[in-house]
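Every number in this text was worked out from the coordinates using simple rules, so none of it is lab data. Small disclaimer: the values here were computed from a predicted structure and weren't measured. Neighbour counts are summed over all protein chains in view; Cβ atoms, including those assigned to glycine, are modelled from backbone coordinates with ideal geometry.
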Amino acid sequence: MRKTTLILSTVLIVGFLGAGCANTERKFGRGLNNSLDLVRLGELRRSMEQSALFDGPDVGYTYGVAHGINRTLARAGIGVYEMVTAPFPPYDPAFADYLAKGAPPLWGPGPVYPDAFTPGLMEDSLWATDANLGFGGGDVAPMIPGSRFRIFDNH
């Protein structure tokens with residue numbers, strides 16, 4: 001009986017704090033997006049690219065990597081912070097002046113990618129139905145640079 005009451009009260013509290021509030025959803029989504037930079041490695045790739053372009057290739061391989069790891073961990077930490085504090089105000093982006101301004105969605109700084117790479121929609125039946133052809137293209141491994149393979153890229 002105690003376990004049921006505890007679980008039910010926890011579900012009710014979480015539901016009460018998160019239900020019906022668009023700002024909570026945006027803050028949690030922004031935090032999830034920022035914390036996934038550990039997988040995407042957009043800050044690392046962008047820092048390496050920008051350091052190599054402006055300061056030379058040797059700097060890109062040394063300082064660019066160290067700077068990119070630092071920014072990746074900072075973005076992931078800010079993302080975890082925003083996910084944990086999503087039900088509580090303020091709902092504005094945390095540390096938005098520190099993070100690079102990536103492809104901005106309507107509600108804050110978006111993910112960062114190198115300037116030489118512009119991601120598009122995945123070639124999937126969810127986005128573009130190609131049932132009449134019988135096959136479709138797609139990104140083989142979009143997180144690995146240089147692995148793009150697309151058939152009928154119309155986006």
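Descriptive notes on the structure:
- Count - residues of the stretch 63-81 that are among the basic types (Lys, Arg) and touching a Lys or Arg at 6+ places or on another chain (Cβ under 9 Å): 1
- If the condition is being of a type in the set (Gly, Ala, Ser), more than 19 Å from the chain's Cα centre (by Cα) and buried (at least 16 other Cβ atoms within 10 Å of the Cβ), then the stretch 41-76 contributes 51, 52, 60, 64.
- If the condition is being of a type in the set (D, E, K, R) and surrounded by fewer than 13 Cβ atoms within 10 Å (Cβ to Cβ), then the stretch 77-96 contributes only 92.
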